[in-house]
1. Which of the numbered conditions does residue 194 fail, given that it passes all the others? Conditions: (1) assigned to a strand (DSSP E or B); (2) within 30 Å of residue 67 (Cα to Cα).
2. Restricting attention to the stretch 203-221, does a residue exist that is without any contact (Cβ under 8 Å) to a residue 60 or more places away in the chain and under 30 Å from residue 30 (Cα atoms)?
3. For residue 96, indicate whether it is aliphatic (A, V, I, L, M) and under 28 Å from residue 190 (Cβ atoms).
4. Within the group 240, 248, which residue is closer than 30 Å to residue 197 by Cα, touching a strand residue (DSSP E or B) at 6+ places or on another chain (Cβ under 9 Å) and not β-branched (Val, Ile, Thr)?
5. Out of (1) surrounded by 11 or more Cβ atoms within 10 Å (Cβ to Cβ); (2) over 36 Å from the mean Cα position of the chain (by Cα); (3) not aliphatic (A, V, I, L, M), the odd one out for residue 319 is which?
6. Which one of 27, 47 is surrounded by 14 or more Cβ atoms within 10 Å (Cβ to Cβ), among the hydroxyl-bearing types (Ser, Thr, Tyr) and at pLDDT below 85?
7. Could you count how many residues in the stretch 83-118 are closer than 17 Å to residue 27 by Cα and among the aliphatic types (A, V, I, L, M)?
8. From the set of residues in the stretch 108-139 that are part of a loop (DSSP other than H, G, I, E, B) and of a type in the set (A, V, I, L, M), which is modelled with the lowest pLDDT?
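The values are calculated or read from the model by the stated rules, or taken from the named source; none is laboratory data. Quantities reported herein were computed from a predicted structural model and do not represent experimental measurements. Cβ placement follows ideal geometry from the backbone for every residue including glycine, while neighbour counts extend to all protein chains displayed.
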Amino acid sequence: MWQRWFIALGIVWLAAAGAGAQEISFSRHVSPLLYQLSCSAGQCHGSFSGKGGFRLSLFAGSPEMDYQNVRTGFDRRLSAQDPEKSLLLLKPTGQVEHMGGVRLRKGSWQYDVLAKWIASGARYDTGKEAKVVSLRIEPASVIITATAKTPSEARRLKVFARLSTGVEDDVTKFARFESLDPSTANADADGIVAVKLPGDTAILAHYAGQVGFATILAPYAANPNVKAPAETPTDIVDKLLLSRMAKLNIVPSPVCDDLTFLRRVYLDVIGQLPTPDEVRSFLSDPAPGKRTRVIDRLLAHPLHAATWAGRMCDMTGADDRFLGDGVYQFHDWFRNKLEANWPWDKIAYGVICATAADDREP
């Protein structure tokens, strides 16, 4: 028994002596760490029903709920007398059977943080703890060629949390990094970016329920023999695309001929090919601005709203296997909004912030 008390006292002493004697906070340290270890992920304890009778909030979005669920089963899940006998440490280290496999190495700094928190009484925050309101990644954009031997420090992302007090805190150590396209670039647990193939992607940083991101550009090899066509874009989207393509050394294709344009715009906007008469009429029209007029006419076509409502259902995962007949209502909602020419931001808001109709279950 005295050995257990000796270990516990030693851990408490380390907690007071290490890292500037900073008190370990559940919401600022323990909860983000559980997500960094994938415990709060959707395929693990962050799923709607949890795993193995233990549930955490998805992406560590609710530290209060996480704390209550971690505390449930005290003296099994947590053991203040012998922290190393806590299931919170035994399971992720593989010392006790764990369906999620080994997530934590005994003796690592993550292990020490959890052990110190348990040994200090496994308390929640003091109440004076500042809240995290946003995240910022530095640098916000990184350009690295796939073959460059750039020093690792030049490729390291740092994560800063802005607190409710206005202070920024370096939380890189406790953040979890995720790439939107791992085949292009990824970041390891220390935030060091590794580029695999030319292209562009974003690296997300998760911490305390907040998300920040940095753009990663991996340019293609420049070809001095290929020159970009002269263009004067007037649309903001075209300007953004051309700017990004220039950074990636991608040369835009030249403007296509009238026949190719007509086929593409019909398929893109209304999902069908033009008729032979429409093709002849368009090709024989010598008036300037005829492409713009075709676009305007197709956007007003009834098939435009119907076609793009179907595409939006595909993008948002609307499926009759899950929604049943409700998928038709979903499609009609999109079609009605497109016919009314709703802005894309309002359509996105309507999907993300939707509530159930007539007080039914979502």
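1. The failed condition is (2).
2. Yes, that holds for at least one residue.
3. Working: aliphatic (A, V, I, L, M): yes; under 28 Å from residue 190 (Cβ atoms): no.
Considered against the rule, which asks whether it is aliphatic (A, V, I, L, M) and under 28 Å from residue 190 (Cβ atoms), residue 96 comes out as no.
4. Working: 240 fails: touching a strand residue (DSSP E or B) at 6+ places or on another chain (Cβ under 9 Å).
Step by step, each of 240, 248 is checked, and only 248 is closer than 30 Å to residue 197 by Cα, touching a strand residue (DSSP E or B) at 6+ places or on another chain (Cβ under 9 Å) and not β-branched (Val, Ile, Thr).
5. Only one criterion is unmet by residue 319, namely (2).
6. Numbers: 27 fails: at pLDDT below 85.
So the residue among 27, 47 that is surrounded by 14 or more Cβ atoms within 10 Å (Cβ to Cβ), among the hydroxyl-bearing types (Ser, Thr, Tyr) and at pLDDT below 85 is 47.
7. Going residue by residue through the stretch 83-118, those that are closer than 17 Å to residue 27 by Cα are 88, 110-118.
Next, only the ones that are among the aliphatic types (A, V, I, L, M) stay: 88, 113-115, 118.
Here the count works out to 5.
8. Applying the first criterion (part of a loop (DSSP other than H, G, I, E, B)) to the stretch 108-139 yields 108, 120-131, 139.
Then drop every residue that is not of a type in the set (A, V, I, L, M), which leaves 122, 130.
Numbers: 122: 86, 130: 79.
Across the stretch 108-139, the extreme among qualifying residues is 130.
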